[in-house]
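Enquirer: Starting off with a structure, shown below.
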There are 2 protein chains.
Amino acid sequence: MSLVLDPATQDLLFREARTANTFTDEPVTEEQIQAIYDLVKFGPTAYNQTPLRIVLVRSPEARERLVQHMSNGNKPKTSTAPLVAIFAADNEFHEELPELFPAFPAAKDAIFSQRPVREQNAGMNAALQAAYFIVGIRAAGLAAGPMTGFDHAGVQKEFLDGDHTPLMVVNIGKPGDNAWSARSPRRSYDEVVTTV
Amino acid sequence: MSLVLDPATQDLLFREARTANTFTDEPVTEEQIQAIYDLVKFGPTAYNQTPLRIVLVRSPEARERLVQHMSNGNKPKTSTAPLVAIFAADNEFHEELPELFPAFPAAKDAIFSQRPVREQNAGMNAALQAAYFIVGIRAAGLAAGPMTGFDHAGVQKEFLDGDHTPLMVVNIGKPGDNAWSARSPRRSYDEVVTTV
């Protein structure tokens, strides 16, 4: 009763949405990914940094190169998902800040001149955007399978460069047979929230 | 056409939702925060870490202590929002992992025995949960005002402990008069997404 969001959409985005381990053969189109991006690009980031970068792994050759860097438990699903995406943080996001954050164009030099500050910001804000994108994948009626179990240095060297840090690899598609593990328990409200 | 989510909900969660700078006096209730948590707690995190911790700053005395640590530009809205929450990452999240991730109870020691590994994981996964929570605030018909402009060490010392790292402070409430700055531009799809 406290939520405006209707129950069916609550199910679509959170309650019944699950991390899929198997997928059907139905392709994930460029139009679907564009529609997801054009929705979730509006999610807030600090100073409108928007440091998330996405590599869509579509060619069989690139897929094979990626699978080699996945942990053994993640190889089968990364091999068979209709689409696999690498989510990364751009540590040089500040170059475009004068255009992206016109309220304070000097932020590029006043706040983000030091690389360690940029790396910390890029990591947190790209993670925010990764979560918005996962919600967006579900908003497209698809299942997401985010994974952190891979050789991060290997994926960076193979698909990115020294300015881009991989965050996660995400399988995307319609869930297949036996797609779900048992739902793991969640922490209770009182374990997470305190009031002062 | 590529999204299952209806256009009104797209507006509610992303397109028309904005970071509010002013708020009405309408209180944000405990029931609303519980309903948000009970929805977004299902958002995925690595190994079901769920490291996000939330401090609701409800007493005038605590609010005053928090405002002193905010950057000058953030003090007025943090003083006047109906509710202010501190989002933090629990770097000792692994203690409960055997219960939270029964698929691999040994992960606690096999993967997360080193504090730097835990800090990196807690930071990224708490950021994912922070984004889910921001979406949840909007799903409750409220506006969120997430802020990173504050003395992080000061807020940690005042409200948390050495095991909890503050991520952001979030104003929560119904938007008030002149609540919105101009929408900053977003990066184009082609700037963000590449295909291999």
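Enquirer: Which of the aspartates and glutamates could be linked to A:K75 by a straight reach, that is with a Cα gap under 14 Å, when you skip same-chain ones fewer than 8 residues away?
Expert: Within the straight-line cut-off, A:K75 pairs with A:E64, A:D151.
Enquirer: A further question follows. How high is the relative contact order of segment A:92-196, in percent, counting Cα pairs under 8 Å that sit 6 or more residues apart?
Expert: 20
Enquirer: In percent, what relative contact order does chain B have, based on Cα pairs under 8 Å that are 6 or more apart in sequence?
Expert: That works out to 35 percent.
Enquirer: Under Stokes-Einstein, with the Kirkwood radius over Cα pairs standing in for Rh, what whole-number D in µm²/s applies to segment B:83-196 at 4 °C and 1.567 mPa s?
Expert: 77
Enquirer: Something else now. Among A:R115, A:R53, A:R18, which one moves the most in a GNM of chain A with springs linking Cα atoms closer than 10 Å?
Expert: Evaluated over chain A, the most mobile residue of the options is A:R115.
Enquirer: Follow-up. Could you calculate the FRET efficiency of A:A103 with A:T195 from 1/(1 + (r/R0)^6), where r is the beta carbon distance between them and R0 is 35 Å, rounded to 0.05?
Expert: Between A:A103 and A:T195 the formula returns 0.60.
Enquirer: Based on the Cα gyration tensor of the protein assembly as shown, what are the three equivalent ellipsoid semi-axes, each the root of five times an eigenvalue, rounded to whole Å and given largest first?
Expert: Equivalent ellipsoid of the protein assembly as shown: 31, 23, 22 Å, largest first.
Enquirer: Taking a threshold of 30 Å on the Cα-Cα distance, which of the pairs A:K41/A:K108; A:K41/B:K77; A:K108/A:K174; B:K77/B:K108; A:K174/B:K41; A:K41/B:K174 fall above it?
Expert: Pairs exceeding 30 Å: A:K108/A:K174; B:K77/B:K108.
Enquirer: Tell me, what is the 1.4 Å probe accessible area of B:D25, in Å² to the nearest 10?
Expert: 150
Enquirer: Next question. Return the FRET efficiency for the residue pair B:D6, B:E31: r is the Cβ-Cβ distance, R0 is 30 Å, and the value is rounded to the nearest 0.05.
Expert: Taking R0 as 30 Å, the efficiency between B:D6 and B:E31 is 0.70.
Enquirer: For chain A, modelled as a Gaussian network with Cα springs under 10 Å, which listed residue fluctuates most, A:F112, A:F23, A:F150?
Expert: For chain A, modelled as a Gaussian network with Cα springs under 10 Å, the answer is A:F112.
Enquirer: How much accessible area per residue does segment A:1-56 have, counting only protein heavy atoms and a probe of 1.4 Å, in square angstrom?
Expert: So segment A:1-56 comes to 41 Å² accessible per residue, rounded to a whole number.
Enquirer: On to the next question. Quick check: pseudo-label points 7 Å beyond the Cα along Cα→Cβ at B:R183 and B:K157, how many nm apart are they?
Expert: Inter-label distance under the simple model: 4.2 nm.
Enquirer: Say the dipole of chain A comes from +1 at the beta carbon of Lys and Arg and -1 at that of Asp and Glu; which of A:G149, A:A85, A:L167 then lies farthest toward its positive end?
Expert: Positive-most Cα among the choices belongs to A:G149.
Enquirer: Hey, another quick one. Hey, what do the phi angles of segment B:26-31 turn into as Karplus ³J(HN,Hα) couplings, whole Hz, using 6.51/-1.76/1.60 and θ = phi - 60°, x for Gly and Pro?
Expert: 4, x, 9, 8, 4, 5
Enquirer: For segment B:143-196, how big is Rg over Rh, using alpha carbon atoms and the Kirkwood form of Rh?
Expert: Rounded to two decimals, Rg over Rh is 1.16.
Enquirer: Let me ask you something else. Using R₀ = 51 Å, calculate the FRET efficiency as 1/(1 + (r/R₀)^6) where r is the Cβ-Cβ separation of B:S79 and A:S79; round to 0.05.
Expert: 0.40
Enquirer: List every residue whose amide H lies under 5 Å from the amide H of B:A143, counting only residues 5 or more places away in sequence or on a different chain, with H placed 1.01 Å from N in the peptide plane.
Expert: The list, which skips near neighbours in sequence, is B:G173, B:K174.
Enquirer: State, to one decimal in nm, how far the label point of B:R58 lies from the label point of B:S71, with both points 7 Å from Cα in the Cβ direction.
Expert: Distance between the two pseudo-spin positions: 3.0 nm.
Enquirer: Kindly rank B:69-75, B:128-134 from highest to lowest mean number of other beta carbons found within 10 Å of each residue.
Expert: The most tightly packed comes first, giving B:128-134, B:69-75.
Enquirer: At q = 0.24 Å⁻¹, what is the log10 ratio I(q)/I(0) for segment A:1-81, with the Debye formula run over Cα points and no solvent?
Expert: -1.24
Enquirer: Using protein heavy atoms only (no ligands, DNA or RNA), what is the total accessible area buried between B and A, 1.4 Å probe, nearest 100 Å²?
Expert: When B and A are taken together, about 6600 Å² of accessible area is lost.
Enquirer: Sticking with this structure for a sec: In chain A, what is the volume of the convex hull around the alpha carbon atoms, normalised per residue and reported in Å³?
Expert: 172
Enquirer: What figure, in Å² to the nearest 10, do you get for the accessible area of A:V28 with a 1.4 Å probe and non-protein molecules left out?
Expert: Taking all protein chains as shown, A:V28 has close to 0 Å².
Enquirer: So, with +1 on the Cβ of K and R and -1 on the Cβ of D and E, and no other charges, what is the size of the charge dipole of segment A:38-113 about its Cα centre, to the nearest 20 debye?
Expert: 520
Enquirer: Ignoring ligands, DNA and RNA, please state the percent of accessible area on segment A:83-162 from carbon and sulfur, probe 1.4 Å.
Expert: C and S fraction of accessible area: 53 percent.
Enquirer: List the residues whose amide H sits under 5 Å from the amide H of B:F150, counting only those 5 or more places along or on another chain, with H placed 1.01 Å from N in the peptide plane.
Expert: B:S71
Enquirer: Over all residues in B:9-22, what is the mean tally of Cβ atoms on other chains that come within 10 Å of each residue's Cβ?
Expert: Mean inter-chain Cβ contacts per residue within 10 Å come to 4.
Enquirer: So who's got an amide H within less than 5 Å of the one on B:M168, skipping anything under 5 residues away but keeping other chains? H placed 1.01 Å off N, in plane.
Expert: HN-HN under 5 Å from B:M168: B:F87.
Enquirer: Moving to a separate point now. Under the Kirkwood approximation applied to all pairs of distinct alpha-carbon atoms, what is the hydrodynamic radius of segment A:38-117 in Å?
Expert: Radius from the Kirkwood sum: 15.1 Å.
Enquirer: Compute, for segment A:37-196, the length of the dipole vector about the Cα centre, with Cβ point charges of +1 (Lys, Arg) and -1 (Asp, Glu) only. Units Debye, rounded to 20.
Expert: 640
Enquirer: Can you work out the Karplus-derived ³J(HN,Hα) for every residue in segment B:42-52? Use 6.51 cos²θ - 1.76 cosθ + 1.60 with θ = phi - 60°, whole Hz, and x for glycine or proline.
Expert: 7, x, x, 9, 5, 6, 6, 4, 6, x, 5
The values are calculated or read from the model by the stated rules, or taken from the named source; none is laboratory data. Since we're looking at a predicted model, the values are computed, not measured. Cβ atoms come from the backbone with ideal geometry, glycine included; neighbour counts cover every protein chain shown. Areas reflect the complete protein model, heavy atoms only, side chains present, ligands, DNA and RNA absent. Shrake-Rupley method; radii C 1.70, N 1.55, O 1.52, S 1.80 Å.
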